[in-house]
Amino acid sequence: MKIRVYYEDTDAGGIVYHANYLKFCERSRSELFFEQGTTPTADGGHFVIKHIDAEFLKSAKLGDLLDVKNKILQLRNSSMKLSQTVWRGDEKLFDMTAVLVFAKEGKPLRIDRDIRDFLTSLNL
């Protein structure tokens, strides 16, 4: 997913504020579903972040065009492990691995079959 860096994404020094990399990754995860006319929710269940490992490698700046790439590393009954990277051209700027749990009312839930089939079909 392509993301342009706007003034609102930057800090006083003109570089992307660290928390915004997480927002860019969130948008990209959601967009995987939205692009296909679907949603990452089912019967009141939705994905929540359980754990994140993040590494900030280089800074993005105002006006940069970034590309967020996603790769499913593991798909389990109620969770998935996902790798997300942010690139500017051929430069990797940000690297994150996240564990997302499918939950309803704060409790883990088996991932809905349609969502599981969709995730499997992505071949990320």
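Throughout, read-outs are computed from the coordinates displayed, never taken from laboratory work. The model shown is predicted, which means the values in this text are computed figures rather than measured ones. Because the Cβ atoms are built from the backbone with ideal geometry, glycine has one as well, and the counts that use them run over all protein chains shown.
Taking the residues in the stretch 112-123 that are surrounded by 15 or more Cβ atoms within 10 Å (Cβ to Cβ) and either touching a Cys at 6+ places or on another chain (Cβ under 6 Å) or touching a residue at least 60 places away in the same chain (Cβ under 8 Å) (or both) as candidates, determine which candidate is farthest from Glu55 (Cα to Cα).
Asp112
Identify the single condition in (1) aromatic (Phe, Trp, Tyr); (2) under 21 Å from Gly106 (Cβ atoms); (3) surrounded by fewer than 17 Cβ atoms within 10 Å (Cβ to Cβ) that Phe34 does not satisfy, given that it satisfies every other one.
Checking Phe34 against (1) aromatic (Phe, Trp, Tyr); (2) under 21 Å from Gly106 (Cβ atoms); (3) surrounded by fewer than 17 Cβ atoms within 10 Å (Cβ to Cβ), the one that fails is (2).
In the stretch 1-41, how many residues are touching a residue at least 12 places away in the same chain (Cβ under 8 Å), over 15 Å from Phe118 (Cβ atoms) and in a loop (DSSP other than H, G, I, E, B)?
So the count comes out to 4.
In the stretch 62-90, what residues are touching a Lys or Arg at 6+ places or on another chain (Cβ under 9 Å), surrounded by fewer than 14 Cβ atoms within 10 Å (Cβ to Cβ) and closer than 27 Å to Gly14 by Cβ?
Gly63, Leu65 - these are the residues of the stretch 62-90 that are touching a Lys or Arg at 6+ places or on another chain (Cβ under 9 Å), surrounded by fewer than 14 Cβ atoms within 10 Å (Cβ to Cβ) and closer than 27 Å to Gly14 by Cβ.
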